[in-house]
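One structure below.
Derivation of every value follows stated rules applied to the coordinates shown; laboratory data play no part. Remember, it's a predicted structure, so these values are computed and weren't measured experimentally.
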Amino acid sequence: MNARRERNLREMGLAPVWRLRERQAQGATREASAEAPAAEAASATSATAPAKAPALARKPAIPAPALGLTVRAAAQNPADDRTARILQMDWAGLKTAVKDCQACGLRKTCTKTVFGVGDEHADWLLVGEAPGAEEDARGEPFVGQAGRLLDSMLAAIDLKRGENVYICNVLKCRPPGNRNPEPGEVAQCAPHLVRQLELIRPKLILAMGRFAVQALLATEASIASLRGRLHRYQGVPLVVTYHPAYLLRSLPDKAKAWEDLCFARRTLLALQSQAAPPT
Ligand code: URA
């Protein structure tokens, strides 16, 4: 392990136990696994996952409309002209729509909208909850303490913000005092996330925390019960993990998040090499 990764893992509270290991497995299939006394990354079976992964040599189009719970409701309402318009937008139009959005009250209280950041053709899409204070001030997601942890986690699996990674939130405006998003706010903001997903067409979605998971999987099940299995959002593999802000408070779950990241990475590598996802 190089010094940078060691540092990142230590920052995540995972070193020296956890190591990312590259190995060649069956021809071109590369896997990343967490070498740990307690666990390998969890297996990839789920009620929401088909038995075989589709070949993802080319990114599949994500059929619109989509998403779960209030997100699905917002995106699927054909009588809603606003949603229909958003679902037709290109990147420039969508960015302007978010900046000018007044659909819920949050734009009145936030400083800057936080659209999302990164490679607009990324394989990896990371979805969080909503901007916090620093994000609100800077207009970029995950730039506070949780964001620094997220960057370290990404670095530990050789990923970097902006390079084949796109990061956004369910809500584009900060809820006052960092309170939880309200269902109406999620519903109004949902078409923005749906359209981001359609434009990016990621190969893998990492849903971080309760609100991202609820929005994308239409479930109120706990993160603990959903993680460690491969889910799908409109056919796109989706891995559930804890929110980085939660991980800052919960050391034991950092190790689980590390498992989730390794699982996500293995899944993507397997898909890229046209193999079945890891079991
Ligand atoms: N938490 C989130 O969910 N998103 C951010 O951008 C920052 C903190």
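Listed values, structure above:
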| item | result |
| --- | --- |
| Interchain or long-range residues, amide H under 5 Å from Tyr233's placed H | Leu238 |
| Projected area averaged over orientations for region 127-243, convex hull of C-alpha atoms, nm² | 7.1 |
| HN-Hα J in Hz across region 210-223 - Karplus 6.51, -1.76, 1.60, θ = phi - 60°, x for Gly and Pro | 4, 6, 5, 5, 4, 5, 8, 10, 6, 9, 10, 5, 6, 4 |
| For Ala218, distant residues with modelled amide H under 5 Å away | Gly68, Leu69 |
